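Nothing in this text is a laboratory measurement; each read-out follows from the coordinates by a stated rule. Please read all numbers here as calculations on a predicted model, not as lab measurements. Note that we place each Cβ from the backbone using ideal geometry, even for glycine, and neighbour counts take in every protein chain shown.
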Amino acid sequence: MDDYEACDGLEMAERVERGDVSAETLLEEAIARTESRDKEYAAVVIRMFDEARAAVSDGLPKGPFRGVPFLLKDLHLAWPGVPLTNGSKLFETNIPTIESELVARYRRAGLVVFGKTHSPEFGLTTTSETRIFGQTRNPWDPDSTPGGSSGGASAAVAAGYTPLANASDGGGSIRIPASCCGLFGMKPTRGRTPAGPHAGEGWSGMTAMHAVTRSVRDSAALLDATAGPDAGAPYAAQPPARPFLEEVSEGPGRLRIAVQAEGWNGIEPHADCVAALDEAVLLCRELGHDVEEAPFDANPEALGPATLTIIGTSTRSALEVRAAALGRPLEEADVEPGTWSMATYGASRTATDYFTAIRTIHATGRALARHMESYDVILSPTMATPPMPIGMLSLSNPDPGEQARSIVQTIAFTQLANATGNPAMSVPLAWNGDGLPIGLQFIGRSNDEATLFRLAGQLEGARPWFDRRPPNLA
């Protein structure tokens, strides 16, 4: 199939439906690219080729992505009989016996899962580097990170293994890798996609699961196929008025766009990110939108400690539960230094600290909702920095101070939408002088992915990016 990488997922599925190509051919194309290119990029850490071939042989459901090769992130999502390591040696022998509801929905959509992608240990940083699997590299520059925690997913999609891959986002982990790799990344509204049956929520509701994609319409159609609560869900997002896929081809109308030029944590963005933001502002005005600078005060002195308390306590609990399952005490050597530091911090928090943290993120969400009564969308850079060199963001960086200083630059604009639960997307509208992608973030009102998809479709038409590929893969 000479034009495999010229197709998005929906185009592949349409060709399968017409009989122009078989699911077997698509799968073997994906496997061939993984085998030949992953030696350099190290994006796929668990091969599921036999499982994928068996699924195709057994017959696939007639879903919207029937026959399309797909990858799962090796974090939290369970496939019975396949290791779920969460990027950690502590979970190296963890073999689930249950299937995550989101995985079941992917299969019902007709997707063919052929592997699992690299994530940092427990998703705790914005690169994909671990002691257990090594370093995933960015196809646009192998010396740079592809981002994280969905860095394996973003590297695989950017390198052409598949047009879309599962990703998750607790502080920017869909949007940051999308920005680093020139992809579209939508973080849905809190509760839009299921976390069950093994969990009710992640990081007290700050995490969301969806995908990184090369086209906007793939993201919309996949969200249509997977959205909605599962049995026993503690809460759910409001149902959309119509399918998200229909929104992509609809004009957004004249939007009121607020520009956030400084990170929520006070970080000043790199000059390349400022230039990208300026270009995006001009583009939005050319498209007829009302754009003005209107920063939101996120109260970082309260929000920062609150998010650290939630992540730290969640991490400590996960480690202690795993150690108990192994029948032994938890030890510092079980995890990477950055993970241990986070878990140690979590152990120092009290129940009162945790309750205060929850109240803080809920209060932040209320404040953002009031701010957005005057605006439809907030525009900012996705990150305050271009993709960083490999090593700086690693949880095993021998200089923990460098790691801490680096990570706050990557999450300076993304973390807010995790705390508030708002939908947010990274759109690949810019590349810097070194040829590295620079994403632009758009945050929507709660439960309003529809406006974001309409805007994304308009931006994709105005500044197409689908055919823009890493130089050595073009």
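Which of these values of Rg and Dmax of the Cα atoms in Å was calculated from the structure shown: [x] 25.9, 79; [y] 22.0, 71; [z] 20.5, 62?
This structure yields the entry labelled [z].
When the Karplus curve 6.51 cos²θ - 1.76 cosθ + 1.60 is applied with θ = phi - 60°, which whole-Hz ³J(HN,Hα) does each residue of segment 44-60 get, with x for Gly and Pro?
9, 9, 10, 7, 10, 5, 5, 4, 5, 5, 5, 4, 5, 4, 6, x, 9
Determine the distance separating the Cα centre of segment 371-388 from the Cα centre of segment 280-339; give it in Å without decimals.
17
So how far apart, in nm, are the two label points at His362 and Arg47 if each is 7 Å from Cα heading toward Cβ?
4.9
What's the longest piece of the chain with no exposed GluC sites (Glu not before Pro), counting a site as exposed if DSSP puts it in a loop and it has at most 12 other beta carbons within 10 Å?
With GluC sites (Glu not before Pro) excluded where exposed in loops, the chain gives 93-330 as its longest stretch.
Residue by residue through segment 280-293, which ³J(HN,Hα) values in whole Hz follow from phi under the Karplus form 6.51 cos²θ - 1.76 cosθ + 1.60 (θ = phi - 60°), with glycine and proline marked x?
Values, residue by residue: 5, 4, 4, 4, 4, 5, 4, 7, x, 8, 8, 10, 8, 6 Hz.
Please report the spacing between the Cα centers of segment 407-474 and segment 1-54 in Å, no decimals.
25
Label His198 and Glu250 with points 7 Å out from Cα along Cα→Cβ: what is the distance between them in nm?
3.7
Using Cβ counts within 10 Å as a stand-in for footprinting exposure, how do Arg47, Arg285 rank, fewest first?
Ordered from fewest to most neighbouring Cβ atoms within 10 Å, Arg47, Arg285 come out as Arg285, Arg47.
What ³J(HN,Hα) values, in whole Hz, does the Karplus curve 6.51 cos²θ - 1.76 cosθ + 1.60 give for segment 198-213 when θ = phi - 60°, with x put for Gly and Pro?
Each residue's phi maps through the Karplus curve to give 8, 8, x, 6, x, 6, 6, x, 7, 9, 9, 10, 7, 6, 10, 9 Hz.
Report, in debye and to the nearest 20, how large the dipole of the chain comes out about its Cα centre when Lys and Arg carry +1 and Asp and Glu carry -1 on their Cβ.
Rounded to the nearest 20 debye, it is 920 debye.
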